[in-house]
Amino acid sequence: MTANQTRADGAIIAAATGLALVLMLHHPTSLSTTHDDGQFLSDWSNGFVHAAMIGCLLALAIGLDGVKRQLDETRILTRTGTLLLGAGLLALAGAALVNGFATGRLLASTSDPAVREAGGHTLWALNQSLDALGTVLVALGAATWSPGLWHRSFAGRVAAALGVVILGLALWHTTTDGGFGLQVAVAAMAAFALWSLAVAATMILARPDGEAE
């Protein structure tokens with residue numbers, strides 16, 4: 001990888017992370033666009049927020065693919081972390097698909113209150129399960145990459161430490177409360193964003209020859 005490619009991957013990670021944070025702060029708590037939940041910033045369209053979030057996850061996957069190459073993709077920890085991160089991002093994209101589109105389609109397809117209630121509960125449980133799975137898998141992937149990141153630079157050491165921290169937080173939350181309401185989702189996104197931005201800094205500030213400091 002050239003220095004420009006490395007910096008470009010870092011910039012993609014930083015931009016996708018920043019946009020995802022903005023989207024989470026505008027995340028609605030219902031499909032309605034006629035009211036504001038008042039929890040964070042003004043609510044945006046449910047479909048737009050989730051579609052854009054899926055785009056952010058795809059952009060993160062592209063940027064993180066560059067990190068994989070920087071960490072030596074032949075190493076078992078790098079390969080394992082890559083698979084965990086990819087599976088986690090896919091699960092989170094699935095959760096966004098459920099809340100952003102499947103729930104709305106269900107409500108639009110029937111006026112039967114019993115079907116709406118049962119379907120809504122089912123899709124909500126699926127969303128929560130995918131959110132929990134995705135959060136844990138991403139945290140596991142971040143922690144698995146920690147040894148490789150530690151040797152890259154000071155920013156890499158920060159990212160390595162944060163990877164272990166978010167894994168601990170993810171496991172603690174999943175084994176205690178386990179729910180992913182809006183406030184918890186924003187907090188989880190903020191914790192992941194710290195790791196993601198540290199990884200982005202590792203890439204952007206990397207030496208041209210790709211060697212660790």
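If you sort the three axes of the alpha carbon gyration tensor as a ≥ b ≥ c, you get a/c of 1.5 or more for the stretch 57-146 and a/b above b/c, which makes it prolate. Computing FRET efficiency as 1/(1 + (r/R0)^6) for LEU90 and ASP36, where r is the C-beta to C-beta distance and R0 is 35 Å, gives about 0.65.
Listed highest first by mean packing, meaning other Cβ atoms within 10 Å per residue, what order do 46-54, 101-109 come in? It would help to have the intermediate numbers written out before the result.
Values: 46-54: 18.9, 101-109: 14.6.
Result, highest mean Cβ count within 10 Å first: 46-54, 101-109.
Pull out a ≥ b ≥ c, the square roots of the eigenvalues of the alpha-carbon gyration tensor of the stretch 163-208, then state rounded if a/c is under 1.5, prolate if not and a/b is larger than b/c, and oblate in the remaining case. Oblate shape, in that a/c is at least 1.5 and b/c is the bigger or equal ratio.
For the stretch 1-92, what does the alpha-carbon gyration tensor say about shape, rounded, prolate or oblate, given a ≥ b ≥ c as the root eigenvalues, a/c under 1.5 as rounded, and a/b over b/c as prolate?
prolate
Across the stretch 80-91, coupling constants 3J(HN,Hα) worked out from phi with the 6.51/-1.76/1.60 Karplus curve, θ = phi - 60°, read 5, x, 4, 5, 5, 5, x, 5, x, 5, 5, 5 Hz, and Gly and Pro carry x. Report summary: the helix-based calculation at 222 nm, which adds -39500 (n - 2.57) for every DSSP H run with n ≥ 4 and divides by the residues of the chain, gives -25500 deg cm²/dmol.
Taken about its Cα centre, the chain carries a charge dipole of about 460 debye when Lys and Arg each add +1 at the Cβ and Asp and Glu each add -1 at the Cβ. Heavy atoms of the protein chains alone define the surface here; on that basis the chain has 49 Å² accessible area per residue at 1.4 Å probe size.
Evaluated with a Cβ-only charge set (Lys, Arg +1; Asp, Glu -1), the stretch 97-213 carries a dipole of roughly 80 debye about its Cα centre, given to the nearest 20.
Over the Cα atoms of the chain, Rg to Rh with Kirkwood Rh, two decimal places?
Details: Rg = 18.2 Å, Rh = 17.8 Å.
Here the Rg-to-Rh quotient is 1.02.
Here's the picture: charge each Lys and Arg Cβ at +1 and each Asp and Glu Cβ at -1 in the chain, and of ALA159, GLY18, ALA93 the one pushed furthest to the positive end of that dipole is ALA159. Its Cα centre serving as origin, the stretch 1-72 has a Cβ charge dipole (Lys and Arg +1, Asp and Glu -1) of approximately 280 debye. Across the stretch 118-134, rounded Karplus estimates of 3J(HN,Hα) from the backbone phi angles (6.51 cos²θ - 1.76 cosθ + 1.60, θ = phi - 60°) give 5, x, x, 5, 5, 5, 5, 4, 5, 4, 5, 5, 5, 4, 5, 4, x Hz, Gly and Pro being marked x.
With both labels modelled 7 Å from their Cα along Cα-to-Cβ, the ALA187 to ILE76 distance reads 3.6 nm.
Carbon-plus-sulfur fraction of the accessible area of the chain, 1.4 Å probe, in percent? Intermediate values should be presented prior to the final figure.
On the way: 7090 of 10480 Å².
Carbon with sulfur: 68 percent of the solvent-accessible area.
The values are calculated or read from the model by the stated rules, or taken from the named source; none is laboratory data. Just so you know, these numbers come straight off a predicted model, no measurement behind them. So basically every Cβ, Gly included, is an ideal-geometry build from the backbone, and we count neighbours across all protein chains shown. We work out accessible area using only protein heavy atoms, side chains counted, and drop any ligands, DNA or RNA first. Shrake-Rupley method; radii C 1.70, N 1.55, O 1.52, S 1.80 Å.
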